[in-house]
1. Please note which helices (runs of 4 or more DSSP H) are completely contained in region 119-206 and include at least 2 residues that are open to solvent by less than 20 Å² (accessible area, probe 1.4 Å), touching a Gly at 6+ places or on another chain (Cβ under 8 Å) and over 30 Å from Val350 (Cα atoms).
2. Scan region 92-101 and give yes if some residue there is closer than 16 Å to Val158 by Cβ and either without any contact (Cβ under 8 Å) to a residue 24 or more places away in the chain or among the polar types (S, T, N, Q) (or both), otherwise no.
3. Across region 125-184, what is the number of residues that are aliphatic (A, V, I, L, M) and within 25 Å of Ala226 (Cβ to Cβ)?
4. Just checking, which of Arg276, Arg217, Arg284, Arg267 is at negative phi, within 16 Å of the ligand (Cβ to nearest atom) and open to solvent by 20 Å² or more (accessible area, probe 1.4 Å)?
5. Which of the helices (runs of 4 or more DSSP H) contained wholly in region 377-481 include at least 1 residues that are at negative phi and aromatic (Phe, Trp, Tyr)?
6. Return yes or no: is Ala77 hydrophobic (A, V, I, L, M, F, W, C) and open to solvent by 20 Å² or more (accessible area, probe 1.4 Å)?
7. Residues of region 325-343 being small (Gly, Ala, Ser), open to solvent by 10 Å² or more (accessible area, probe 1.4 Å) and within 16 Å of the ligand (Cβ to nearest atom), which ones?
8. Given the criteria within 16 Å of the ligand (Cβ to nearest atom) and open to solvent by 70 Å² or more (accessible area, probe 1.4 Å), does Gln223 qualify?
Amino acid sequence: MSFDLVFFGGTGDLAWRKLVPALFQAWRHGKLPADGRILAVARDERSDDDYRGFIRERFVEVDSAKRPNDDEFSRFAELLHYRRMDLSQPEHYAGLRQWLDDRGADTVVLYLATAPYLFPVICKQLGTAGLNSPNVRVVLEKPLGHDLASAREINRVVRSAFAESQAYRIDHYLGKPSVQNLMALRFGNALFEPLWRRESIANIQITLAEALGVGTRGDFYDQTGALRDMVQNHALQLLTMIAMEPPSTSDADAIRDEKLKVLKSLRPFTPESVARDVVRGQYRAGTIDGRAVPGYLDEPKVPAGSTTETFVALRTEVQNWRWAGVPFYLRTGKRLASRHAQIVVNFRPVPHPIFPGSSRANKLVINLQPEDGLELHLLATKGSSHGELLAPVSLDLDFDKAFASERVGAYERLLLDAIAGRLNLFVRSDEQEQAWRWVEPIAHAWASDPNGPRPYASGTWGPPASSAMIARDGSTWDEEQ
Ligand code: BG6
């Protein structure tokens, strides 16, 4: 199968930090279809060789194990091409079409890795230039809009040029191996399904913690904030994977129908419930791994006095028969104690404890990063001379060890899926709009709340109000147990 993959925003951070390195990995793993070209499109004038040199230099920023040696780079670089385009000029799209038509690849993937405000312009021009035939797929990077209205507008324009089945809305968390394993765990094994419900589960915690701050992206981030950057997409997508009903098939739409139902079942926020069940924070200076780090307001390009949140913790419920009454706690933030993403399924305690000592409940921990794996926490006796004293032990599944040779990173997986036409791990427009519908009341309530975000020291787990919120239910965050 032949393919052409075009990156709009070909010199941007996303392209050189994530996309080209992911394609290099796919190539190195022998997974990239052999007959392919990668075309970077951006505003300035450069030759193919200039672009290859630009990428080569940037590879020093990539993990050393994922960097090409000279020979690998020169072979991989043959796939890379560059084209200058002014995205508002119809004749530049006609030129692109010509470049693509000259070869007539089986599949054309157009990846919009630009600022999202350009998506409508680009999609409209692509449609006008006829760059939307059935073999064309358009990949849209998040954030898709900044609220429901803007997301709808983007979707309307995308739909005017492309069929829904041609639109690949990316959420790179869905490409993480442990997220796919979550589906495998639930729908490839009979063991957990009978327990996967309110009768057995006390609460579910989803934590997406980063140790990094906003870095050089202060201007982008300040317009976005943690609610739009992480909750509306990554955290909610994980929640849908946990809470969805078993789909009838593994088809993309069967899965996405079930995820949409979960989003529609989330308890809607009111101004009162936002005040009670949502905590927003903003990091101050602190210490992470023994290193002093500045506060958010002192980061480059962050406007003075900004009230943008860098932390969100919230409590919600999925209002259906399976989950009624089970709290789902979501939490995400920058400059937290460590880089750590996990889902914890806390089971209910035994109804009548007969053993003395520890009465901890079972829990299932799905680790997404830094390592991915799965731990099932059980209680066992130590076999000591003290009688039946229970102590926690865990069954640890290390997927990296079990499947090391097969494993691929999130962007690598998703790019290969887009080339192969597999939509399962991409987000449908109605899911995305429903997620906006659900987070919007939070953003509105904050806009009229003079208190602003609560400060927290870098290197902690966010404002104390986050622990207080969950303590109201008699629970604690996993790291506090
Ligand atoms: C991106 C956000 O979508 O995800 C970033 O825009 C965030 O702010 C990143 O840092 C986190 O991704 P990962 O894979 O490093 O957890």
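The values are calculated or read from the model by the stated rules, or taken from the named source; none is laboratory data. Just so it is clear, the model here is predicted, and its values are computed rather than measured. Here the Cβ positions follow ideal geometry from the backbone for every residue, glycine too, while neighbour counts run over all protein chains shown. Accessible surface is based on the protein model in full, side chains and every heavy atom, while ligands, DNA and RNA are left aside. Shrake-Rupley method; radii C 1.70, N 1.55, O 1.52, S 1.80 Å.
1. Hits in region 119-206: 148-161.
2. no
3. Within region 125-184, the subset aliphatic (A, V, I, L, M) is 126, 129, 131, 136, 138-140, 144, 148-149, 151, 154, 157-158, 161, 163, 167, 170, 174, 179, 182-184.
Then keep just the ones that are within 25 Å of Ala226 (Cβ to Cβ); that gives 139-140, 144, 148-149, 151, 154, 170, 174, 179, 182.
Selection size over region 125-184: 11.
4. Unique residue meeting the criteria: Arg217.
5. 399-403, 410-420, 429-447
6. Details: hydrophobic (A, V, I, L, M, F, W, C): yes; open to solvent by 20 Å² or more (accessible area, probe 1.4 Å): no.
So Ala77 fails the test.
7. Correct list: Ala337, Ser338.
8. yes
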